[in-house]
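So the structure is just underneath, and the comments pick up after that.
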Amino acid sequence: MGNKFSQDSPTQVRPPFTVKASEPDTHNEGLFSSLKSALGGSSNPPALKPTEPTEITSSGDSLSQTPSKPNESPIAEDPRTITSSLPSFPGTWNELHKVKELLPQPFDGIRAVFNKGLSHHFQVSHNFTLAAMQPSSYKFGATYAGTKQLSQSETFPILTGEMDPSGNLTAQCLHAFTSNTRSRLIAQHQNGELAALELGTDYRGSKCTLSLTAANPDLLAQTGIYIGHCLFAVKPNLAVGAEALFQRVLHPALGQVVSQLSGGLVAKYNGEDWSATAQISPLEMSLHTSYYHKMNEHQAVGVELEGRGAAGECSATLAYSFEIPNAECTVKASIDSNLSIATTIDKKLTPLPMSLTLCCQGNPKKAQYIAGIGLSTG
């Protein structure tokens, strides 16, 4: 698929106002997680976990969360990563690999994010980026949190949008039509036309999770990518599930529409302070396993192994996260089997309403290095 969302960091928000909020997503590690999964990318953003009301705080390339005051609760970024009223197990398909939470997200150059709350439900943001490896950019963003309150920390709908000076727009709409469902619409308008579209709905019961996603559906051309996920808690700490993916897309080399069907099986086990996941796709001859261990309140470590037999590729990643509560600082680091080393340091500049991010990434094998510094306020 030629239409993908850009890899630029999405608008980050730290509202100075208070609203009731719901659970945001990813990983914002790309808005089209399911589309990227179909094309061989990762579709597993940070895992979903129950939380108390939190304050979402921008920190350069990431969002950090701290407990809110009793009369405060946050605005949400995307109702797929925070929840308080829905069951935490077995969770959703995107939460299978908890080790993703530990991976640093380095960037190149200088980033600055300025946020301003206009009301209890609405805020705007300005995002500036100066980089050597990619064009410098400016993006204006807006976030609206609705009035449909499902719990103390959940409110719907959530509307977010981000636009650059060229008029390219990325927008999300997330809503809960019932207490057990979460629906989303994500779209990108680029160069005067609709570049990408995703529709999805998740259902979360007491012992099961069902999810349906359609990426770039075109009923007239009969093309698109359609994904179904299901997870079942067979025991209080053991879940099993399956994935089915059907894609019918235009092959650029052949110049005709081709169809492909694939699927996979998964099992996840949660211990008291650890979790292990194994995911296999027989048709694609791929294997994805991960292990996450929380050593104490402030430290966690994880390892991830991915292999694709058809492509003859295999990689392993070791990740580590360490929080320094007295310094209000979080350090994340990772190294993979390709000798790619990355780290980020997020520091709150208390008592100022600001946060600082320092990051770097390097690969001595390929002689490739980047470094970045980010500042957010608001």
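The values are calculated or read from the model by the stated rules, or taken from the named source; none is laboratory data. The structure displayed is predicted, hence computed values, not measured ones. With ideal geometry, Cβ positions are generated from the backbone for all residues, glycine too; neighbour counts draw on all protein chains shown. Note: areas computed on protein heavy atoms with side chains; ligands, DNA, RNA excluded. Shrake-Rupley method; radii C 1.70, N 1.55, O 1.52, S 1.80 Å.
Note on surface exposure: Arg182, Arg308 rank Arg308, Arg182 by accessible area, highest first, 1.4 Å probe.
Within the range 265-319, the GluC sites (Glu not before Pro) that combine a DSSP coil assignment with at most 13 other C-beta atoms in a 10 angstrom radius are Glu272, Glu297. Across the cross-link table entries Lys100/Lys366; Lys116/Lys347; Lys139/Lys294; Lys116/Lys332, which are compared at the Cα atoms, the separations over 26 Å belong to Lys139/Lys294; Lys116/Lys332.
Shown in residue order for the range 263-279 are the 3J(HN,Hα) couplings computed by the Karplus curve 6.51 cos²θ - 1.76 cosθ + 1.60 at θ = phi - 60°: x, x, 10, 8, 9, 9, 10, 9, x, 5, 9, 8, 8, 10, 9, 10, 10 Hz (x for Gly and Pro).
Remark: spin-label model distance Thr377-Leu349 equals 0.6 nm, labels positioned 7 Å along the Cα→Cβ axis. Taking θ as phi - 60° and the Karplus parameters 6.51, -1.76 and 1.60, the scalar couplings of the range 122-129 work out to 9, 8, 10, 8, 10, 10, 10, 9 Hz in sequence order, x denoting glycine and proline.
Return the FRET efficiency for the residue pair Glu328, His126: r is the Cβ-Cβ distance, R0 is 30 Å, and the value is rounded to the nearest 0.05. The formula returns an efficiency of 0.80 here. Applied to the range 131-138, the Karplus parametrisation 6.51 cos²θ - 1.76 cosθ + 1.60 on θ = phi - 60° returns per-residue 3J(HN,Hα) values of 8, 8, 7, 8, x, 5, 8, 9 Hz, with x for Gly and Pro.
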